[in-house]
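First up is the structure itself, then whatever we jot down about it.
The values are calculated or read from the model by the stated rules, or taken from the named source; none is laboratory data. What you are looking at is a predicted structure, and each value in this text was computed from that prediction instead of being measured. When we count neighbours, we look across all protein chains shown, and the Cβ atoms used for this are built from the backbone with ideal geometry, even at glycine. Heavy atoms of the whole protein, side chains included, go into the accessibility calculation; ligands, DNA and RNA do not. Shrake-Rupley method; radii C 1.70, N 1.55, O 1.52, S 1.80 Å.
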Amino acid sequence: MQVCKGSKNIAVWAVALSLVAASAFLDGGTVLAQETAKESTATGNRVFFRGGYGELLSDRGGELITDGHGVAGRNDGTGGYYIGGGTDLMVTKDLWGMMNGVALVGEIGLEFKRWASANVGNGDTTGVTGVSNGGLSKVQLTMLTVSVAPKVKFRQGTDFQPWIIPAGLDFHVISPTSSQINYLDIGVQFGGGAEFRVWKELWLGLDSRFHLASNQTNTVNNFWTAGIYGAIGF
């Protein structure tokens, strides 16, 4: 329980720091955006690839398929890696004329997480169920997430652009399935970060997010991520 609370605190602080960074640069963004507008992306669209560290807020040890209810050890790891990609599609570069230098883009993302792996019992291990007749095997805990989210970018037109995701929609697929054979879930994500123009339309950025799931799989699927990404404007 203490580990879960600690992970949640880290996630909250990561997102909070990103929000503070974005706010700090908002005031100066308008002038700088006007001065450097000619150097900005023609469309503001991006294709990005990201990766880093992710952590579940609750482990999945003791389930039927993850470790055979712990008959030969527990598959209870929570920390691992994530890789993914997606695209940012420009909606408006000035909030429909209300705020210069503040853009709104729509992010569509696809992300894979690998939380843990252990050589343990599973649903087919002899003795776990009345019809199981297999042995121990390597069971990997993974998750696939498809998301759609609004992203607010500050300092539009400059070489340094902080951003926030106030709330986005997640669709999750967990693997292995839960003990009740459920594997689909939905949720919401919150995030923040910043990106820097390296050369022409090549960008590098920092990314941190917290994902709150509805836990419709009878498992707790909340998690956070923090990492880096590269993006190409088009």
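For Trp224, what accessible surface area do you get with a 1.4 Å probe? Give it in Å², rounded to 10.
Here the residue's solvent-accessible area equals roughly 20 Å².
Using the heavy atoms of the protein chains and a 1.4 angstrom probe, tell me the accessible area per residue for segment 95-161 in square angstrom.
43 Å²
May I ask you to rank Ser214, Ser208 by accessible area, largest first, using a 1.4 Å probe over the protein chains only?
If we order Ser214, Ser208 from most to least accessible, we get Ser214, Ser208.
If you rank Leu136, Leu141 by how much accessible surface each has, with a 1.4 Å probe, what is the order from largest down?
Leu136, Leu141
Please turn the phi angles of segment 131-144 into ³J(HN,Hα) values with the Karplus equation 6.51 cos²θ - 1.76 cosθ + 1.60 (θ = phi - 60°), one per residue in order, whole Hz, x for glycine and proline.
10, 6, 9, x, x, 6, 8, 6, 10, 9, 9, 9, 8, 10
Please report, in debye to the nearest 20, how large the charge dipole of segment 159-234 is about its Cα centre when each Lys and Arg carries +1 at its beta carbon and each Asp and Glu carries -1 there.
The dipole magnitude comes to about 40 debye.
How large is ³J(HN,Hα) for each residue in segment 68-80, as worked out from phi by the Karplus curve 6.51 cos²θ - 1.76 cosθ + 1.60 (θ = phi - 60°), to whole Hz, x for Gly and Pro?
Each residue's phi maps through the Karplus curve to give x, 6, x, 5, 9, x, 10, 9, 10, x, 10, x, x Hz.
I'd like to compare 129-135, 217-223, 183-189: which one has the highest average count of other Cβ atoms within 10 Å, and what's the full order after that?
217-223, 183-189, 129-135
Using modelled backbone amide H atoms (1.01 Å from N, in-plane), which distant-in-sequence or interchain residues come within less than 5 Å of Gly62's amide H?
Answer set, sorted by chain and number: Asp67, His69, Gly70, Asn75.
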